[in-house]
1. Got a number for residues in the range 17-45 being surrounded by fewer than 17 Cβ atoms within 10 Å (Cβ to Cβ) and part of a helix (DSSP H, G or I)?
2. Of the residues in the range 94-107, how many are surrounded by fewer than 17 Cβ atoms within 10 Å (Cβ to Cβ) and either in contact (Cβ under 8 Å) with a residue 60 or more places away in the chain or aliphatic (A, V, I, L, M) (or both)?
3. What's the number of the condition Cys89 fails, among (1) modelled with pLDDT of 95 or more; (2) more than 20 Å from Lys5 (Cβ to Cβ)?
4. Quickly run through the range 46-87 and pick out the residues that are touching an Asp or Glu at 6+ places or on another chain (Cβ under 8 Å), without any contact (Cβ under 8 Å) to a residue 40 or more places away in the chain and crowded, with 17+ Cβ neighbours inside 10 Å.
Amino acid sequence: MKNMKHCKLIACRTLEDELLSVIPEEMDYEFLDYALHDTPEILKQKLCEAFAADHDHNTILMGYGLCSNSVLGISSPRHRLVIPRVHDCISLLLGSRERYDKEFSKVPATFYLSEG
């Protein structure tokens, strides 16, 4: 029987540079196109397809927040899914939802950009 690796990261390509700089070198990963955020139902479908195609891991670490509710209701019969409790990747980039809420309360009209 093939030895299963424990975790795989599935994330938005927007976070690719930041995540690749911190994940373990031996961790498997897959980045999905940012444009999928424009169609949350298709993003949900692509995530479910990625889960179904993975037979080598038992835990999927998600590099997504709610992202237009595209992760609501997703599941995988073979994986434990670890999904951050944040609205979007900006909270991930700032370090937490609390930090995002603090920054938003100071300057709610801020438009965030990342290299991704």
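1. Result for the range 17-45: 9.
2. 1
3. (1)
4. Once the filter is applied, which keeps residues that are touching an Asp or Glu at 6+ places or on another chain (Cβ under 8 Å), without any contact (Cβ under 8 Å) to a residue 40 or more places away in the chain and crowded, with 17+ Cβ neighbours inside 10 Å, the range 46-87 yields Gly65, Ser70, His79.
The values are calculated or read from the model by the stated rules, or taken from the named source; none is laboratory data. All figures in this text were calculated on a predicted structure; none of them were measured in a lab. Glycine gets a Cβ as well: all are built from the backbone with ideal geometry, and neighbour counts include every protein chain shown.
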